[in-house]
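Take a look at the structure set out below.
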Amino acid sequence: MQKRPLRLFLVLLTVISLVFMATSVFAVEKPLSDGKVAVVNGTVIPRAEFDRGMERAYRQFASTGRSLSESQLPVVKKGVIESLINQELLYQESQNNSIKVEDKEIDKHMDALKKRFPNEKEYNTALAKMNLSEAEIKFQITKGLAIQQFIDTKFVQKITVSDDETKAHYNNNLDLFKQPEQVRAMHILIMVAPQATEEQKAAARKKLKEVQKKLGKGEDFEALAKEYSEGPSGAKGGDLGYFGRGQMVPPFEDVAFALKSGEVSDIVETRFGYHLIKVVDKKPASTMSYEEVKDNLTQYMKQQKIQEQVKLYIEKLQKKAKVERFIPENPK
């Protein structure tokens with residue numbers, strides 16, 4: 001009713017990924033040399049890491065139904081390289097600040113990674129496809145956890161958001177906290193294929209009319225939905241939960257929002273088949289109160305502060321670092 005390719009992600013804190021972005025100023029680009037895309041304070045970033053980053057970028061575009069165009073490619077390539085440089089700069093800072101990742105923490109993440117796969121063979125196949133050894137994966141996990149600990153120590157634990165800040169943000173952005181009218185409904189569906197004949201449609205209507213008669217005699221809607229409904233919600237007694245306008249197909253939505261709480265509709269036809277709809281509850285349009293959103297708003301605002309602080313910190317690191325960039329003509 002309501003309108004993961006193989007991925008081997010490294011363990012990195014969400015806020016780190018938010019600041020791994022292309023900057024507007026780049027050093028002089030040099031031709032690709034010796035399979036490296038950058039050198040950061042003497043540490044080489046290999047071409048293989050760039051290729052994996054590009055692969056993720058292609059997949060991210062594909063997941064949104066788009067493809068990466070030739071005009072976008074230079075920007076994305078630079079962004080991937082800057083992301084890798086930023087990771088390396090933060091990792092070097094973590095080591096300069098004596099951050100040590102416990103072996104048991106690394107092992108925990110390695111075990112969690114392996115459990116994503118049905119067996120050892122498929123795990124090793126995935127590594128081979130991505131041209132990664134287990135030692136490389138373990139190092140990248142270690143690196144990600146070290147960066148995470150560094151950011152937590154230097155920024156997360158020190159940044160606070162006051163009640164005055166959250167209240168001001170709430171009062172200045174009330175539109176963000178508005179909730180549209182919502183309906184909680186149950187339904188009983190007799191499915192009909194789009195190519196169904198008139199005879200098949202008539203049979204489906206007849207079946208639903210029999211259910212309708214049972215309701216008229218006082219039988220329980222939820223019990224009948226469990227027995228007769230052919231939709232995925234049947235096992236839950238036809239319960240669709242709360243939904244707003246635009247989440248259901250128009251004929252269904254129009255009837256559901258027109259009914260009063262406790263009312264049951266006549267037979268409603270949609271492209272899925274025939275329905276009987278019962279409205280369980282209705283919520284009028286409203287604005288969430290400050291108390292309702294305070295905790296989530298505090299976390300959001302803290303995340304924004306952390307992101308900005310880390311971004312500024314990386315900019316300072318880049319200014320004093322020795323970084324060479326070698327931009328590949330085309331990703332492999």
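A few remarks follow.
- The GluC sites (Glu not before Pro) of region 56-99 that meet both conditions, a loop assignment by DSSP and at most 10 other Cβ atoms within 10 Å of the site Cβ, are GLU70.
- Helix-only arithmetic for the chain: the sum of -39500 (n - 2.57) across DSSP H runs with n ≥ 4, divided by the residue total, places the mean residue ellipticity at 222 nm at -16000 deg cm²/dmol.
- Charge-dipole axis of region 97-192 as Lys and Arg at +1 and Asp and Glu at -1 on Cβ define it, positive-most pick from PRO180, PRO118, ILE159: PRO118
- Counting only Cβ charges, +1 for Lys and Arg and -1 for Asp and Glu, the dipole size of the chain around its Cα centre is about 420 debye.
- Cα→Cβ-extended label distance, 7 Å offset, between GLN200 and ILE267, nm: 1.6
- Per residue accessible area of region 102-142, 1.4 Å probe, in Å²: 68
- Of interest is the spacing of the C-alpha centroids, which for region 38-96 and region 148-212 amounts to 34 Å.
- Accessible carbon and sulfur surface of region 215-315 relative to its total accessible area, %, 1.4 Å: 48
- Dipole of region 185-325, positive direction: furthest Cα of VAL211, LEU312, PRO194, with charges on the beta-carbon: LEU312
- Spacing of the two label points (7 Å from each Cα toward its C-beta) at LEU176 and GLU219, in nm: 5.1
- Relative contact order (%) - criterion: Cα under 8 Å, at least six apart; region: region 187-332: 23
- 17 Å cut-off, amide nitrogen to a point 7 angstrom out along THR43 Cα→Cβ, residues in region 300-324: 313-324
- Probe 1.4 Å, accessible area per residue of region 198-248, Å²: 61
- Here is the list for region 289-332: GluC sites (Glu not before Pro) lying in DSSP coil, each with at most 14 other C-beta atoms within 10 angstrom of its C-beta, are GLU329.
- Loop-located trypsin sites (Lys or Arg not before Pro) across region 73-172 with a Cβ neighbour count of 16 or fewer within 10 Å are LYS100, LYS115, ARG116, LYS158, with loop assigned by DSSP.
- DSSP beta bridges confined to the chain are antiparallel in about 95 percent of cases.
- Residue-level accessible surface for THR43, protein heavy atoms, 1.4 Å, Å²: 50
The values are calculated or read from the model by the stated rules, or taken from the named source; none is laboratory data. Everything numeric here is computed off the predicted structure, so don't read it as measured data. Note: ideal-geometry Cβ built from the backbone for every residue, glycine included; neighbour counts use all protein chains shown. Surface areas here come from the heavy atoms of the whole protein model, side chains and all, with no ligands, DNA or RNA. Shrake-Rupley method; radii C 1.70, N 1.55, O 1.52, S 1.80 Å.
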